[in-house]
1. Does Ser56 qualify as being under 30 Å from Gln116 (Cα atoms), in a strand (DSSP E or B) and out of contact with any Gly (no Cβ under 6 Å at 6 or more places or on another chain)?
2. Just checking, which of Gly19, Gly77, Gly29 is farther than 21 Å from Val117 by Cβ, touching a residue at least 12 places away in the same chain (Cβ under 8 Å), surrounded by fewer than 17 Cβ atoms within 10 Å (Cβ to Cβ) and not hydrophobic (A, V, I, L, M, F, W, C)?
3. Which of the residues belonging to the stretch 59-100 are modelled with pLDDT of 85 or more, of a type outside the set (A, V, I, L, M) and part of a helix (DSSP H, G or I)?
4. Need the failing condition index for Thr109 against (1) touching a helix residue (DSSP H, G or I) at 6+ places or on another chain (Cβ under 9 Å); (2) modelled with pLDDT of 85 or more; (3) not in a strand (DSSP E or B), just the number.
5. Scan the stretch 44-53 and tell me whether some residue there is modelled with pLDDT of 90 or more and among the hydrophobic types (A, V, I, L, M, F, W, C).
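The values are calculated or read from the model by the stated rules, or taken from the named source; none is laboratory data. Nothing here was measured: the structure is a model prediction, and the numbers come from that model. All Cβ positions, even for glycine, are placed from backbone atoms using ideal geometry, and neighbour counts span all protein chains on display.
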Amino acid sequence: MADRAGQQLGNYRLIRLLGHGGFASVYLGEHVHLGTLAAIKVLDRWLIHDELENFSKEARTIARLEHPHIVRVLDFGVEGQVPFLVMSYAPNGTLRQRHPKGARLSLDTIVPYVKQVAAA
């Protein structure tokens, strides 16, 4: 998928790519009126027709969840056939960024992560 940095989806201008997964890319976005930052999850174009309903269901389901260890869904939209989720931005990065693949982690490091996941 092409880099969408600089484009606008809904009320958000996409600033830079944060990461790419199996079916979506996540960008740092800035609300054009409020100046607030959010993570914008943009569904890959080639999956739109088959996955649009699933994407919409994901948005509605996740938006109902409230927990300190779950990223909040703030909004959902479709702009020019491109569905996207607006989520809280977590500026501290991902676990993969903190602990590269293959890194050995102590129990003192792992246990707090497991507790947070279990609590969520």
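1. no
2. Gly77
3. Arg60, Thr61
4. Evaluating Thr109 over (1) touching a helix residue (DSSP H, G or I) at 6+ places or on another chain (Cβ under 9 Å); (2) modelled with pLDDT of 85 or more; (3) not in a strand (DSSP E or B) leaves (1) as the failure.
5. Here is the first cut: in the stretch 44-53, the residues modelled with pLDDT of 90 or more are none.
So far as the stretch 44-53 goes, no, none of its residues is modelled with pLDDT of 90 or more and among the hydrophobic types (A, V, I, L, M, F, W, C).
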